[in-house]
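The values are calculated or read from the model by the stated rules, or taken from the named source; none is laboratory data. Nothing here was measured: the structure is a model prediction, and the numbers come from that model. Cβ: placed from backbone, ideal geometry, glycine included. Neighbour counts: every protein chain shown.
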There are 2 protein chains.
Amino acid sequence: MRTDETDERIIGCLLRDARSAYADIGAQVGLSAPAVKRRVDRLRAGGLITGFTALVDPAALGWTTEAFVELYCTGRTSPDAIRSAMADQPEIIAAYTVTGEADALLHVRTRDTAHLETVLERVRMAPFVQQTKSVLVLSRLIDRR
Amino acid sequence: MRTDETDERIIGCLLRDARSAYADIGAQVGLSAPAVKRRVDRLRAGGLITGFTALVDPAALGWTTEAFVELYCTGRTSPDAIRSAMADQPEIIAAYTVTGEADALLHVRTRDTAHLETVLERVRMAPFVQQTKSVLVLSRLIDRR
DNA sequence: GGTGAAACCTGACTGAC
DNA sequence: GTCAGTCAGGTTTCACC
């Protein structure tokens, strides 16, 4: 997948506002609206843009607790086993296998610490989980996703 | 900010595809296009929806390295000092102050490990940084942002 | 990459609860 | 008063050249 500077600028516009009109983007990058749409379609087909989504503020809905949870597993637990055990919990917004002592890292969002506790309990119910280590988020300093 | 079940379903549609037409969303939730737009406008005004963005796959652009970096700082370094020292590095896609031994947690994305090393060097250049502890991401198991 | 038909967005207005 | 539907206008999108 090849990409030029105009593509990058179009992506930049879409990152700022994914619902902006193609004509607006075209005005910023010096292209007509159809030309912009063609490039966006190409970027989607090429897998560079995987989709468009709304940014929802969880805090505005009362979800004020955020944590990272290290998972320590038995023997050689497969990543797939971890995924399938965690996938049914919507509070787990991201999960990674990682280097270091822990086997996996969970990114969790809950309404409050009590809610977090129930999530942790369910996480620990997976038979391969030996130990969890949680780190609470106090504040977000940077958010560039 | 009050929200009902229809609002939730509209948000669900927008999370799946932020560029879908209001008429399409309306068809899914049983509302007309103008009614959907009114609700979306209200959700944006209420701060629940903070914006719309494109989902870009960094791996497709050759950014294959992802890491979490714990920051250990001197004395009582203010969160604001950490933010301003890290904000100029686009490779840091998120930063949090956290509980536990570390003072902050950085979420970093780079092209490769060599690139990560240069980022870590610049991070360590901040005068308040005593130590960093990095954890490399091996694979993403879940991604629900 | 630029042009017309079709679809979409978005105001104001009207009616129902 | 609140919320949804209808309609008209201007705008955006998409197949075609």
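What the table shows:
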{"read-out": "Residue count, region B:44-59 (criterion: more than 7 Å from chain A (Cβ to nearest Cβ) and within 30 Å of A:Gly47 (Cα to Cα))", "value": "3"}
{"read-out": "Single residue of region B:113-145 satisfying the filter (among the polar types (S, T, N, Q) and within 12 Å of chain A (Cβ to nearest Cβ)) that is surrounded by the most Cβ atoms within 10 Å (Cβ to Cβ)", "value": "B:Ser134"}
{"read-out": "Top-ranked residue of region A:60-80 - restricted to ones that are modelled with pLDDT under 95 and not in a loop (DSSP other than H, G, I, E, B), ranked as surrounded by the fewest Cβ atoms within 10 Å (Cβ to Cβ)", "value": "A:Leu61"}
{"read-out": "Residue match in region A:7-23 (condition: within 16 Å of DNA strand D (Cβ to nearest atom), more than 20 Å from B:Val56 (Cα to Cα) and in contact with a helix residue (DSSP H, G or I) (Cβ under 8 Å, 6 or more places away or on another chain))", "value": "yes"}
{"read-out": "Given (1) modelled with pLDDT under 95; (2) more than 16 Å from DNA strand C (Cβ to nearest atom), index of the condition B:Thr53 fails", "value": "(1)"}
{"read-out": "Evaluation of B:Arg109 against (1) within 16 Å of DNA strand C (Cβ to nearest atom); (2) under 18 Å from the mean Cα position of the chain (by Cα) (one fails), failing number", "value": "(1)"}
{"read-out": "Residue among B:Val36, B:Val108 that alone is surrounded by 15 or more Cβ atoms within 10 Å (Cβ to Cβ), modelled with pLDDT of 95 or more and in contact with a Gly (Cβ under 8 Å, 6 or more places away or on another chain)", "value": "B:Val36"}
{"read-out": "Top-ranked residue in region A:22-47 [being over 14 Å from A:Thr6 (Cα atoms) and away from DNA strand C (no atom under 12 Å from the Cβ); ranked as nearest to the chain's Cα centre (by Cα)]", "value": "A:Gly47"}
{"read-out": "Residue in region A:56-76 that is within 16 Å of DNA strand D (Cβ to nearest atom) and in contact with a strand residue (DSSP E or B) (Cβ under 7 Å, 6 or more places away or on another chain) present", "value": "no"}
{"read-out": "Subset of region B:60-76 that is hydrophobic (A, V, I, L, M, F, W, C) and facing chain A (nearest Cβ under 9 Å) - its residue that is farthest from B:Glu91 (Cα to Cα)", "value": "B:Ala60"}
{"read-out": "Given (1) within 11 Å of another protein chain (Cβ to nearest Cβ); (2) in contact with a strand residue (DSSP E or B) (Cβ under 6 Å, 6 or more places away or on another chain); (3) surrounded by 14 or more Cβ atoms within 10 Å (Cβ to Cβ), number of the condition A:Gly100 does not satisfy", "value": "(3)"}
{"read-out": "Scope region B:50-67; condition touching a Leu at 6+ places or on another chain (Cβ under 6 Å) and among the hydrophobic types (A, V, I, L, M, F, W, C); matching residues", "value": "B:Ala54, B:Ala60, B:Ala67"}
